[in-house]
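Engineer: This is the structure I want to talk about, given as structure tokens.
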Amino acid sequence: MKIEKVKYSLLVMIAAISFVSCEKEEIPETDEPTETKQMTITISNPTDGSTFAFGEDVTISGEMNSNFSAHGYIVRYYNASNDDSLLYVTDGHEHGETIPFSETWTNNLATASDVRIEFTAMSDHLGSYTEIETVTVSCLAN
């Protein structure tokens with residue numbers, strides 16, 4: 001009886017070793033280069049250093065282009081004169097290789113300040129690939 005148990009144990013060990021020692025199948029390499037994601041942002045308005053009166057609309061507009069179907073953008077307006085406090089944020093959830101944008105915030109600042117407008121192009125909902133462009137403008141107070 002002991003010999004049967006030993007034989008059975010040896011067979012189980014050999015089977016377990018063969019499962020563990022199997023090699024993964026390697027995926028053959030191709031000669032085709034992998035495509036690299038690319039996005040470019042063109043800001044048409046406003047130009048860096050522009051000045052806006054109190055109550056005036058500050059509109060950032062332009063176009064983002066990519067070599068894949070991008071998933072939109074986020075626009076943030078920061079008060080650069082006040083520790084980069086966030087003034088306004090909005091997003092555009094559009095899909096495509098070319099996405100035009102136009103987002104507006106109205107200057108309501110009590111103190112004249114520089115405002116940094118940050119445009120972030122997003123590859124997907126997780127933001128796994130992004131490109132950022134900024135423009136800084138001056139906003140006058142009331």
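Engineer: Using the Karplus curve 6.51 cos²θ - 1.76 cosθ + 1.60 with θ = phi - 60°, work out ³J(HN,Hα) for each residue of the range 42-48 in order, rounded to whole Hz, and write x for Gly and Pro.
Structural biologist: Those phi angles translate into 10, 9, 7, 9, x, 8, 4 Hz.
Engineer: Using only Cα atoms, locate the centre of the range 93-142 and the centre of the range 31-91, then give the distance between them in Å, rounded to an integer.
Structural biologist: Centre-to-centre distance over Cα atoms comes out at 4 Å.
Engineer: Over the range 28-142, average the accessible area per residue using a 1.4 Å probe and give it in Å², no decimals.
Structural biologist: On the way: 6580 Å² over 115 residues.
I get 57 Å² per residue for the range 28-142.
Engineer: What residues qualify as long-range amide H neighbours of Ser44, i.e. H under 5 Å apart, gap of 5 or more or another chain, H built at 1.01 Å from N?
Structural biologist: Under 5 Å from the amide H of Ser44: Ser61, Gly62, Glu63.
Engineer: Determine ³J(HN,Hα), in whole Hz, for all residues of the range 105-119 in sequence, where each value follows from phi through the Karplus function 6.51 cos²θ - 1.76 cosθ + 1.60 and θ = phi - 60°; x replaces Gly and Pro.
Structural biologist: Working through the residues one at a time gives 10, 9, 5, 10, 6, 7, 10, 4, 8, 7, 10, 9, 9, 10, 10 Hz.
Engineer: In nm, give the distance between the simple-model label positions of Ser61 and Gln38, each being 7 Å from the Cα along the Cα-to-Cβ direction.
Structural biologist: 2.8 nm
Engineer: Report in % the part of the accessible area of the range 49-120 that belongs to carbon and sulfur, leaving out ligands and nucleic acids; probe 1.4 Å. Working shown, then result.
Structural biologist: Values: 1420 of 3360 Å².
The computed percentage sits at 42.
Engineer: Follow-up question, since we're still on this one. Please compute the length gained on full extension between Asp48 and Asp83, using 0.36 nm multiplied by the number of residues separating them and subtracting their Cα-Cα distance.
Structural biologist: 10.7 nm
Engineer: On to the next question. Using amide H atoms built 1.01 Å from N in the peptide plane, name the residues 5+ places from Phe52, or on other chains, whose amide H lies under 5 Å from its own.
Structural biologist: For Phe52, whose amide H was placed from the backbone, the distant partners under 5 Å are Ser138, Cys139, Leu140.
Engineer: Starting from the amide H of Glu131, placed 1.01 Å from N in the peptide plane, find each other amide H under 5 Å away whose residue is 5 or more places distant or on another chain.
Structural biologist: Distant-sequence amide H within range of Glu131: Ala121.
The values are calculated or read from the model by the stated rules, or taken from the named source; none is laboratory data. Since the model is a prediction, treat every value here as computed from it, not as a measurement. Glycine also receives a Cβ, built like all others from the backbone with ideal geometry; neighbour counts cover every protein chain displayed. Just the protein is used for accessible areas: all its heavy atoms, side chains included, with ligands, DNA and RNA removed. Shrake-Rupley method; radii C 1.70, N 1.55, O 1.52, S 1.80 Å.
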